[in-house]
Every structure is written in C-alpha cells, then in structure tokens.
Amino acid sequence: MTPPTAQVLDRNATDKPAANTLAIADCDVHVVPGDQKKELFPFLEKRWQDYMSTYGLRPRQGFASGPAYPKGQPDAARRDAYPPGGKPGSSLSFMREHHLDPLNIQMAVLNPLRTGQGMQNLEFGSAFCRAMNDWQIAEWTSKEPRVKASVVVAYEDTPAAVAEIEARAGDPNFVQVLLLSRSAEPFGQKRYWPIFEAAAANGFPVGIHAFGYGGAPVSGGGWPSYYLEEMIGHAQCQQALLMSLCMEGVFERCPDLKIVLVEAGFGWLPSLCWRMDKLWERMRDEIPHVKRPPSEYVREQVWLTTQPMEEPEFKPHMLDLVKWIGWDRLLFATDYPHWDFDHPDHALQVRITEEQQTKFFLQNAMDLYKPQPVI
Amino acid sequence: MLLPYLEDYWADTVQQRGVHPLDTIGYPVNAPLTCRPDWRVEGQKPGTSLERLQTDALDAFGLSYGIANCIYGVQLLFSEDMAKAFARAINSWMAAEWLAKEPRLRASIVVPTQSPEFAAEEIDYWAQDKRFVQVLMIVMDEMPLGRRNYWPIYEAAQRHGLPVGIHAGSAYKNPVTPVGWPSYLVEDYCAQSLAFQSMTTSLICEGVFQKFRDLKVVFLESGVTWLPAHLWRLTKFWRGMRSEIPWVTEPPWEIARRHIRLSAQPLDGPGDAETIETIIEHLRSEDMLLFATDYPHWQYDGLAALPSGLSDGLIRKMMIDNPRATYSRL
C-alpha cells in the first residue's frame with residue numbers, strides 16, 4: 001500500500017530523521033494489523049470472522065468505513081510513515097528503523113485504536129478486543145523488548161472488560177489497560193467502576209485515549225462542522241470524563257487507581273482543577289462521597305501524555321503551565337505514525353533543566369509503567 | 001407571572017394544557033450556587049425582587065448600570081412558534097417589570113434560536129428600545145453556535161450594533177458533556193466551561209468573525225482561566241489544518257482578542273494573587289474582561305466580585321472602559 005496521492009516522500013539514506021541522543025519513552029504509538037485475515041483472524045473465533053466479513057464493524061457512527069469527519073491525511077498518517085507495501089504502523093521492522101532507533105526510544109506504548117471498542121455489538125466487540133491483545137503480543141511485544149502493549153477492553157460491557165483485564169494480569173507484555181475517551185456515558189459512572197477496580201487491583205494504570213464512539217456529539221452543544229473542531233474537542237471530552245471520575249468519587253473509592261489521559265494535550269488541566277475545587281466546596285452536600293478537593297486526587301492519581309502539546313503564543317508561558325501541573329505528571333508521546341506527530345526535538349519550545357528533561361521525556365513514564373522484560 | 005405578556009392563544013394554551021414554568025434543571029431554586037445565602041428572600045425565587053436587586057447589587061456595588069440576563073427555558077422548547085411567543089413575553093416582561101422601574105437597569109434580548117428567522121425579527125423589534133443592549137443566547141443549544149444556521153441572528157445583532165451575549169446554560173437537546181449525561185448538578189455546572197471552549201472553537205472556525213467584522217460576543221458566566229490554553233490549542237490545530245477552513249486567515253488567538261469578551265465572574269482561578277497575575281499575562285489582553293457580579297448566584301462572599309491580583313488599571317478597564325467599548329448603548 002502507498003499513500004493515496006502522488007506526494008509520497010521517497011525515504012532514502014539522506015532524509016532519515018536526525019539521530020536523537022536524548023533517551024525517551026513514547027507513550028502513544030499506534031499500530032494496525034497489516035493484513036487482518038492473516039494476522040488477526042488466527043485469534044478470532046470463526047463466528048466473529050464471519051460476522052466481520054458479513055456485517056462489518058458497526059460502531060456508534062454512520063459511515064461503514066472511515067471516520068465521522070474525514071481526517072487531515074489518509075489514515076491520519078504521516079506521509080513518510082508507510083512501510084513498503086504496507087499501512088502506517090503495521091511493520092515492526094520499519095518502525096524500528098523509522099522511529100524507535102533514530103529517536104532513541106527506550107519504551108514505546110502501543111495504543112491500537114481500531115479494535116472492538118465502541119462497537120454496537122458488545123459480544124463482537126469483546127472478541128475483537130481480545131484478538132487485538134493476542135495480536136499485539138504475537139506481532140510486537142514478543143519480538144521487540146522496547147515495545148509494550150495495552151490491554152484493550154470493550155468497556156461498554158463491564159463484566160467482559162473485567163474478565164479481559166484479569167486474563168492479562170501479570171503479563172509483562174502489557175503495561176496498561178486502554179479505554180477510549182468518548183464512551184456512552186461518563187466514565188465515572190457506576191457501571192464502569194469494576195473496570196477501574198480490576199485495573200487497580202492488578203497493577204495496571206488505565207490509559208484513556210482520545211476518540212471513541214459513544215454516540216454523543218463532541219460538544220455539549222451539538223455536532224460541529226469540521227474535523228479541526230472534532231480534534232480540538234478531544235480536550236473537552238477528556239475534561240468531561242476526568243470531571244466525572246472526580247465527582248463520582250472513583251479516585252476516593254479506588255486509591256490505587258492510576259489514570260493516564262492520552263492525546264488531548266494538558267493545558268486545560270489547571271483551570272479545570274481550580275473550577276472543580278471551587279464547585280466541590282460549594283456543592284459538597286450533593287457529592288458527600290468526594291472527601292477531598294478534586295485537584296488533590298488529580299495530583300496523586302492522574303498523568304497526561306503530552307501530544308498534541310499546546311504551543312503558547314509567548315513560549316515561556318509553557319513553564320507556568322507545567323509548574324501548575326507538576327513536572328512529574330507529564331509523559332512524552334509522539335503519536336507516531338499519525339500526521340500530528342510531536343517530535344521530541346521540537347515539541348517543547350522552552351529551555352528546561354536536565355532533571356525536568358529526564359522526567360518529562362523518559363523517567364515519569366518508566367516510573368509509572370515499570371516495564372518488565374518478557375521472559 | 002408571564003401570562004399577562006403572552007398572546008391570548010399562548011396564554012390559553014398555558015392554562016388549558018397545564019404548561020409548567022420553563023425553569024430548567026440548570027439552576028435549581030434551592031441549590032447553593034443559585035443564590036447566595038444573604039441574597040435569598042424567604043419564599044421567593046432568586047432574582048425576582050427588584051427591590052433586593054437594587055439594594056444588594058446596584059447600590060452595594062455602586063453600579064451605574066446593571067445588565068439583566070433572563071435565563072429561562074425558552075431555548076428548551078421544541079416548537080418554534082411557542083419559543084417565539086415566550087421570547088416575546090419574556091422581553092415584554094423585562095421592559096415592563098424591570099427596565100421601566102429602575103433607570104440603572106439594561107437588559108438582553110431573549111431570542112427563539114429554534115428559528116433564526118424569528119430570532120432576527122425579535123432583535124429587530126426590541127432594538128428600537130435602547131435599554132436593550134445585547135442579544136442573549138445560551139452556550140449549549142441544538143447546534144454549535146458558529147454554524148451558519150445561526151448567522152441571521154449575528155447579522156441582525158451587528159446591524160443594530162448589539163453584542164451577542166452567550167450565557168452558561170443548556171437547551172438540553174444534547175447531553176451536557178461530550179461523553180454523555182452526568183449524575184450531578186455540580187458536573188452540569190462544571191461542564192459549562194467546556195461548552196464555552198467548544199463554542200469558541202465553533203465561532204472562530206466557522207468564520208463568524210470573518211463574516212461579521214463588527215460583531216462582539218460576550219461570554220457570560222463562562223469562567224475565564226480556560227481561555228489562554230484553549231487558544232494555544234486552537235491556534236496550533238489551525239496551523240496544521242487551516243486548509244479545512246481557508247476563510248480563517250489569522251491566528252485564532254488574535255480573532256478571539258478582537259471579538260470575544262468575558263464576564264469575569266466566575267474567574268475560576270486559584271486563591272493566590274500571584275497565579276491570577278500570571279493567568280492575566282497569559283491572556284495577553286486587558287480588553288477582554290468585563291466586571292460582573294453574577295447576582296444572585298453564589299460565586300463569592302461580600303463585595304469580593306474581583307479576585308486579588310488585578311492591577312488598578314485593569315480593574316478600571318474591566319469596570320468602565322471595556323464595558324463601554326463592548327456595549328455601544330451604555
């Protein structure tokens with residue numbers, strides 16, 4: 001496969017990315033099966049193979065293939081991220097050469113997005129998620145120690161999601177449980193609690209990645225017109241679900257729970273925390289189960305990946321922002337192979353100390369995910 | 001209270017069909033945020049006493065003008081005709097019961113957004129009364145507010161030199177959060193500032209301010225501190241995807257500074273003056289904030305409607321210069 005237009009970059013020895021000496025962890029990398037029948041079907045029961053061929057995926061959106069809003073690039077991918085004859089994010093050997101080696105990546109966390117999550121048919125969704133987890137091991141983590149997988153679960157079916165988490169517990173191929181932000185109902189709600197409890201009990205942080213198919217418009221005031229608006233809206237979705245987790249008391253009930261908000265920036269966090277704290281104070285009688293100001297739970301139990309990183313008009317304002325959030329809460333991510341990729345050399349446009357740099361680009365992620373070798 | 005101001009057919013309808021008051025679940029009468037304890041009047045709905053408004057707000061804060069925004073469930077109705085009738089009744093009630101009795105009061109024109117055509121007619125009708133100083137919408141309506149569907153409203157507002165006030169509130173035609181209906185009022189209210197983020201995106205991306213170059217939009221009860229980081233994000237994405245909206249030819253943060261104003265209560269900052277000062281720096285404009293009491297809502301106590309950390313110069317601008325520049329009728 002090649003990108004659908006003629007403007008394909010011809011990658012040769014002279015235009016490879018410059019070698020990057022700074023060791024980094026990349027907390028948001030996207031992968032897809034290059035050949036679904038060959039790679040995924042071995043892990044999917046015959047019934048669901050047939051279902052997929054006959055009925056298709058059927059998420060909570062109208063188009064049979066392709067996203068609700070056409071992306072900025074084909075498959076939202078960088079033009080130079082197509083392996084020879086394949087889809088972006090489908091080849092380990094290409095990713096090594098194109099991404100892991102030149103950017104000196106110590107750990108890459110895989111977040112597969114096209115899985116059984118958000119499917120209308122919950123049984124199918126669970127089977128598809130399970131197959132994607134097996135596929136991540138077979139094609140990625142068993143072959144490359146720097147790559148770690150996420151346990152994708154069909155979170156609209158709570159018992160099935162819990163069973164999948166328990167089935168992967170203690171498996172060093174996986175470093176987190178993965179949900180998508182646009183759920184059917186806010187994630188703090190009671191129906192989802194067993195998922196968070198199971199993740200916490202089994203030592204998995206829960207990554208919540210932007211996107212998904214909950215069925216609700218991406219704004220509280222209806223569907224916008226443009227892809228650009230949908231993308232920006234992922235920040236409002238993450239705020240809404242974080243607010244829900246706080247106000248429903250999920251962090252209070254589940255003190256070992258660690259939440260990672262993936263691919264929605266982080267600039268909005270301080271303002272949201274100030275607002276939540278004030279409202280908590282004012283309406284504590286409505287939510288007596290929330291014992292402390294919401295910002296305290298956020299400070300202890302929430303991390304955020306950085307891409308797409310906000311870019312202030314006056315660059316040093318970024319330092320105020322990170323100071324409010326904490327240098328220990330942000331996990332660097334590139335979003336490879338997607339077109340809105342953040343490069344570690346260019347994304348953070350301010351001078352920081354060596355200690356801050358180490359935490360931001362590598363150590364926070366290592367401390368949180370604690371990747372273990374696959375034996 | 002509204003019956004005498006409704007046309008006969010609608011007054012009859014209200015009585016025959018037992019139409020309930022259009023109060024929404026957004027501000028339950030007894031909820032703490034809805035009214036400050038010392039501003040409550042025994043046995044009365046908050047914000048229904050002119051006398052208390054005079055003493056508690058106009059006199060207490062020494063105001064020359066107070067702009068009244070009536071947040072009532074007109075936008076929640078599904079019938080365009082019914083919405084038109086109720087909007088007319090609300091505005092008539094506002095003129096007769098409030099503006100006629102208190103010379104310091106000004107008001108906003110409630111419009112039936114269900115039909116932008118009717119809404120524009122309502123603006124044309126009340127614009128002749130100079131005591132109406134802005135058009136009023138709510139932040140969560142059926143569609144994002146930048147959509148062309150609503151442009152007849154902006155066209156009428158601009159033609160009469162009226163800013164469009166967008167107040168916290170939902171028509172409840174969509175879940176109030178983009179991930180579904182929450183459980184608690186505290187979430188409903190908290191989510192208002194998320195909707196203001198979305199509508200900032202919508203108004204700018206759809207090109208409302210390219211089309212209506214003289215239009216000012218005033219965010220009311222929106223919170224403030226979310227704005228700088230949101231504009232950083234919006235401008236970054238515009239750089240990457242501006243080919244999708246080629247009519248937006250300048251960075252969103254510049255458009256926002258020119259066209260968007262915010263009432264500064266609540267501000268949603270932390271308590272300390274130093275951080276507030278930093279947030280104001282992040283705004284990179286002293287022209288955007290407008291003083292507001294948010295009377296009778298319980299956002300602060302005493303007369304502390306202004307957070308600490310603001311310079312005297314900025315306070316003067318918020319209380320005098322910026323409102324005058326925004327509201328040509330003040």
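Coordinate-derived values only; no laboratory data. The model shown is predicted, which means the values in this text are computed figures rather than measured ones. Backbone-built Cβ (ideal geometry, glycine too); neighbour counts: all protein chains shown.
Miscellaneous remarks
- Panel order for B:His160, A:His289, by other beta carbons found within 10 Å of each beta carbon, from fewest to most: A:His289, B:His160.
- Across all directions, the shadow cast by the convex hull of the protein assembly as shown built on its C-alpha atoms averages 31.1 square nanometres.
- Local charge for A:Asn364 was computed over the other residues whose Cβ lies under 11 Å away, with Lys and Arg +1 and Asp and Glu -1, and equals 0.
- Per-residue mean of foreign Cβ neighbours for A:263-273 is 6 (Cβ atoms of other chains, 10 Å radius).
- Relative contact order [Cα under 8 Å, 6+ residues apart], chain B, whole percent: 16 percent
- When only Cα pairs below 8 angstrom with a gap of at least 6 residues are kept, the range B:85-158 shows a relative contact order of 31 percent.
- Loop-resident trypsin sites (Lys or Arg not before Pro) (DSSP state other than H, G, I, E or B) in the range A:282-375 with no more than 11 further Cβ atoms inside 10 Å of their Cβ: A:Arg351.
- Relative pair counts by distance (%), Cα atoms of chain A, 10 Å bins: 5, 24, 35, 27, 8, 1, 0
- Taking the centroid of alpha carbons for each part, the range A:206-228 and the range B:64-98 are 32 Å apart.
- Taking 0.36 nm per residue of sequence separation and removing the Cα-Cα distance, the A:His289/A:Asp328 pair yields an extension gain of 11.3 nm.
- Whole-angstrom gap from the range A:21-52 to the range B:13-31, using each part's C-alpha centre: 53 Å
- Relative exposure of A:Thr115, A:Thr158, B:Thr55, B:Thr13, judged by other C-beta atoms within 10 Å (fewest first): B:Thr55, B:Thr13, A:Thr158, A:Thr115
- For the range B:3-326, alpha-carbon Rg relative to the globular expectation (2.2 N^0.38 Å, N residues): 0.97
- Sites A:Ala68 and B:Phe78, calculated FRET efficiency, Cβ-Cβ separation with R0 35 Å, nearest 0.05: 0.90
- Among residues other than A:Val31 with Cβ under 10 Å from its Cβ, the summed charge is +1 (Lys and Arg +1, Asp and Glu -1).
- Distance between the range B:114-181 and the range A:309-370 - C-alpha centres, whole angstrom: 40 Å
- Sequence-separation-based contact order of chain A, relative, with Cα cut under 8 Å and 6+ spacing, percent: 19 percent
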